[in-house]
1. With Cβ to Cβ distances under 13 Å as the rule, what net charge do the other residues near Ser39 carry (K, R +1; D, E -1)?
2. Which value in nm describes the separation of the simple spin-label points at Tyr158 and Gln71, placed 7 Å from the Cα toward the beta carbon?
3. Using only alpha-carbon positions, what ratio does the radius of gyration of the range 122-257 give when scaled by 2.2 N^0.38 Å?
4. Need one word for the range 42-111: rounded, prolate or oblate. Basis is the Cα gyration tensor (sqrt eigenvalues a ≥ b ≥ c); a/c below 1.5 gives rounded, then a/b vs b/c decides.
5. Tell me, what ³J(HN,Hα) does each residue in the range 267-278 have, in order and in whole Hz, if you take phi through Karplus 6.51 cos²θ - 1.76 cosθ + 1.60 with θ = phi - 60° and put x for Gly and Pro?
6. For the range 137-142, in order, what is each residue's ³J(HN,Hα) by Karplus, 6.51 cos²θ - 1.76 cosθ + 1.60 with θ = phi - 60°, in whole Hz (x at glycine and Pro)?
7. May I ask for the Rg/Rh ratio of the chain, computed from Cα atoms with Rh as the Kirkwood radius, given to two decimals?
8. Using the Cα atoms of the range 85-186 to build a convex hull, what is its mean projected area in square nanometres?
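Derivation of every value follows stated rules applied to the coordinates shown; laboratory data play no part. Computed from a prediction, not measured in an experiment: that's the story for all the values here. Neighbour counts run over all protein chains shown; Cβ positions are idealised from the backbone, glycine included.
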Amino acid sequence: MKKVVIFGGGSGLSQLLKGLKLFPLDVTAVVSVSDNGRSTGRLRKDYNIPAVGDISKVLLSMANCDTDLVQLMNYRFEKSKSLGNHSIKNLLLTALLDLKGNFDASLPVLEKILHVQGNVLPISEDNVDLVGITTDNKRLVGEEQITKSKKKIKRIEYSHDLEVNPKVLAAVKKADLIIFASGSLFTSIIPHLLTKKLNLAINKSKAQTMYICNLFTQPGETDGFKVSDHIKMLEAYLGKNTIDIVVANNAKMNSALVKKYATEEQKDQVLLDEDRLKKMNVQIITDKLYKIENNVYRHDSLKTAYLIFSYLMAGVKNDFHD
């Protein structure tokens, strides 16, 4: 069975995993732990722990359990001021961290309860914050502050040195394919590329590296970015010519929702620039990759996962166009 290691955080990673778990693959999801917003941020402050929100979301996306349990895990105490709008899954993982002391001992408990198919690993056990450096050299401390800022971000770093989870390094060494999931480039993907030890492990791995490109740009982070610009940003941290394959949407989006994204959220469709990608020697896998769920554009998890699985099974060497 092919071994796949996927780096990400939040909704982008979770969406992809919903599809990948349906295929016969040995999947390890590596999740960022620096979110400081909403429920996760308050739990971090109260318990002095790394962020639990993205990890609990990823666990649920890889779960094979009944609908009632999924609904229970996602339940939030919205009517209670004392319970702070926390979700059950966040509270359970926080309780386990308090009891067990770390993710390494805590995650197997939830994985057993949820019948998780695959492995979920935090990038680190360390409690760190992201720091965004703006183009005018202002420091924005915290993922939430970076996301909400209207200033242009030029660089991301951690508030202090981070020790990479050794299990992540071991998984990378054994991987057949390393994937950087869709999601916020600066707060979900790049946080994995801020340590020399992990970057060296990725570069030394026998695995090909693949990027699942975002459908839309992100204000203050990737304004005006085309597909190749996303790859160049990743390679600014990982090293030049280190992304081998990109999976990107090639279908034009025309809807009232696209206009709403542009006018209300300052988000535009990421355009595919194939000529530039070919000059960068990046293999291109394209298709109509989007669907609309609850009035939000998301990656079609099943189609995206199918393209990844097909690539692995075929051992494709030349450009793969659908």
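1. Counting the neighbours of Ser39, the net charge comes to +2.
2. Once both label points are built, they end up 4.0 nm from each other.
3. Relative to the 2.2 N^0.38 Å estimate, the range 122-257 comes out at 1.09.
4. Oblate is the answer for the range 42-111, as a/c is 1.5 or above yet b/c matches or exceeds a/b.
5. Those phi angles translate into 10, 10, 4, 6, 8, 8, 10, 4, 4, 5, 5, 5 Hz.
6. Result, rounded to whole Hz: 6, 8, 9, 10, 9, x.
7. 0.94
8. Taking a quarter of the hull surface, the average projection is 8.7 nm².
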